[in-house]
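Chemist: Sharing a structure here in structure tokens format.
The values are calculated or read from the model by the stated rules, or taken from the named source; none is laboratory data. Note that the structure is a prediction, hence the values are computed from the model and not measured. All Cβ positions, even for glycine, are placed from backbone atoms using ideal geometry, and neighbour counts span all protein chains on display.
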Amino acid sequence: MPNLAKKLSPVVDADGHVLESRVDWVERLGPDLADVAPRFLNGMHLFVEGQVLPRSRDLLGPTNNPRPRLSKSEKYWSFNRKGQHEPEARIADMNEEGIDIAFLFGSYISQTAMGGIQNPVLATALARSFNDWIHDEYCSHDPQRLKAVGVLPMQDPSAAAQEIRRCVDKGITAVQTFPHISRKPLHDPSFDVVWATAQEVGMPICVHIVNSYGSMADLFQTFGQKHVFIPVDMMAAVASFSACGIFEKFPTLKVGLFEAGVGWLPWLGSRLDSHVEILAPDFGNPERKPSEWITSENLFFGVESEDEFIAQAAAEYGVERLLYSSDYAHFDCECPETVTELFENETLSSTDKTAIAGGNAMKFFGLESVPDFSKSSAAIGS
């Protein structure tokens, strides 16, 4: 059991997950899209748009071996936990873990399907349907504590911009995209309308690791081997925002990057700076160094409590850039120990722990306060 007596402040989970596998997406999308709508083949694969996703060359690996072999301790909550499907069970798990507010991403619809669909009409319809489901049905059980992260149909940037405005009208306070869109980088000019709209309405962009089309996935055969290199895709996203012009064009855009760790940041910042200095025209002659954007108020990074580089990233890039993330309840998350592990981290000060646990999330997600729902000794913003 986690030790909530050691909770220094309320906790905002910036990256938790639901599972959409019990939802009939064919029915939700209607007869016009029934032939191409996502259908679950098993717990890990979809049949969508006439193909199996993830494919054998994608992150997950061969479809005939759908589940990774795990060696984690049984004390941790496993994948496909009840609270990923049912909000009542999710609230109970949040209380046990010590999480007061959770920002929720999907899994196989918002990650795999949305990352693999080619038809922009299907992508737009599925994004709208997913956003309606997670906000109106799942999170409506307790809207003070359960917060939806909407998905964007980046296959059609104009439709993605429209979906940002629709999410604002619905009360969704963050939206998600991927580190690249079917191998098209985020700094491609076609996506400028998305960033312009997000900046205009003050919508934070959450870049989450991609469940398919991983940059290194085609070089390796097994899920474990592929999964090691997930940060490579996030490095590309950081480069797009900090070195390839997105922040230069949209200087008040707010971006968070999730589920890729932070240990690679110092190396990447240094390498981007050196290349921009030597080859400035290749990067559009930016006014600021990439490392300056990385340490700015524009960019945030999700960190899981077991990440051994948290203190290093806090020292080099600012503790105010880091957001506590549970990764509930993916195969490698350490729930129900993540909150206790964060507050027991001896390399961080109490002030740093409080900032990472919830204070930084207030700034990123635009929260006015974090009510103290589960048992803690203080309240942020109250």
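Chemist: Could you list all residues from the range 278-334 that are in contact with a helix residue (DSSP H, G or I) (Cβ under 7 Å, 6 or more places away or on another chain), among the small types (Gly, Ala, Ser) and within 28 Å of residue 86 (Cα to Cα)?
Modeler: Matches in the range 278-334: 305, 326, 329.
Chemist: With respect to residue 257, is the statement that it is within 29 Å of residue 311 (Cβ to Cβ) and among the aliphatic types (A, V, I, L, M) true? Please lay out each step first, then the result.
Modeler: On the way: within 29 Å of residue 311 (Cβ to Cβ): yes; among the aliphatic types (A, V, I, L, M): yes.
Yes; evaluated as a whole, the condition is true for this residue.
Chemist: Then there is this: Would you call residue 355 farther than 22 Å from residue 93 by Cβ, over 18 Å from the mean Cα position of the chain (by Cα) and either modelled with pLDDT of 95 or more or surrounded by fewer than 21 Cβ atoms within 10 Å (Cβ to Cβ) (or both)?
Modeler: Considered against the rule, which asks whether it is farther than 22 Å from residue 93 by Cβ, over 18 Å from the mean Cα position of the chain (by Cα) and either modelled with pLDDT of 95 or more or surrounded by fewer than 21 Cβ atoms within 10 Å (Cβ to Cβ) (or both), residue 355 comes out as yes.
Chemist: State which residue is nearest to residue 140 (Cα to Cα) when the search covers only the range 162-206 and only residues that are part of a loop (DSSP other than H, G, I, E, B) and under 17 Å from the mean Cα position of the chain (by Cα). So that I can check it myself, show each step before the final result.
Modeler: First, pick out the residues of the range 162-206 that are part of a loop (DSSP other than H, G, I, E, B): 171-174, 178-179, 182-183, 186-188, 202-204.
Going one step further and asking which of them are under 17 Å from the mean Cα position of the chain (by Cα), we end up with 172-174, 178-179, 186, 203-204.
Values: 172: 11, 173: 14, 174: 16, 178: 26, 179: 29, 186: 32, 203: 20, 204: 21 Å.
Result: 172.
Chemist: Something else now. Can you pull out the residues in the range 128-149 that are touching a residue at least 60 places away in the same chain (Cβ under 8 Å) and not in a loop (DSSP other than H, G, I, E, B)?
Modeler: 129, 130, 133, 134, 138, 147 - these are the residues of the range 128-149 that are touching a residue at least 60 places away in the same chain (Cβ under 8 Å) and not in a loop (DSSP other than H, G, I, E, B).
Chemist: Check every one of the helices (runs of 4 or more DSSP H) wholly within the range 207-323 and list those with 1 or more residues that are surrounded by 23 or more Cβ atoms within 10 Å (Cβ to Cβ) and without any contact (Cβ under 8 Å) to a residue 60 or more places away in the chain.
Modeler: Of the helices (runs of 4 or more DSSP H) lying wholly inside the range 207-323, those with at least 1 residues that are surrounded by 23 or more Cβ atoms within 10 Å (Cβ to Cβ) and without any contact (Cβ under 8 Å) to a residue 60 or more places away in the chain span 230-242, 246-249, 265-278, 290-294, 310-317.
Chemist: Cβ-Cβ distance below 9 Å, separation of 6 or more or different chains: which pairs start in the range 73-95 with a residue that is over 17 Å from residue 105 (Cα atoms) and end on one that is crowded, with 16+ Cβ neighbours inside 10 Å and hydroxyl-bearing (Ser, Thr, Tyr)?
Modeler: 77/328; 95/374
Chemist: Need the failing condition index for residue 14 against (1) in a loop (DSSP other than H, G, I, E, B); (2) modelled with pLDDT of 90 or more, just the number.
Modeler: Looking at each condition in turn, residue 14 falls short on (1).
Chemist: Sticking with this structure for a sec: Among (1) without any contact (Cβ under 8 Å) to a residue 12 or more places away in the chain; (2) touching a His at 6+ places or on another chain (Cβ under 8 Å), there is one condition residue 327 misses while meeting the rest; what is its number?
Modeler: Failed condition: (1).
Chemist: Just for the range 136-166: of the residues that are of a type outside the set (A, V, I, L, M, F, W, C) and touching a Cys at 6+ places or on another chain (Cβ under 8 Å), which one is surrounded by the most Cβ atoms within 10 Å (Cβ to Cβ)?
Modeler: Quick first cut of the range 136-166, residues of a type outside the set (A, V, I, L, M, F, W, C) only: 136-138, 140-145, 147, 150, 153, 155-158, 162-163, 165-166.
So of that shortlist, the ones also touching a Cys at 6+ places or on another chain (Cβ under 8 Å) come out as 147, 150.
Numbers: 147: 24, 150: 27.
Out of the qualifying residues, it is 150.
Chemist: Quick one: residue 341 ticks every box in (1) crowded, with 19+ Cβ neighbours inside 10 Å; (2) free of Cβ contacts under 8 Å to residues at least 60 places away in the same chain bar one, so which box is it?
Modeler: Against the list (1) crowded, with 19+ Cβ neighbours inside 10 Å; (2) free of Cβ contacts under 8 Å to residues at least 60 places away in the same chain, residue 341 comes up short only on (1).
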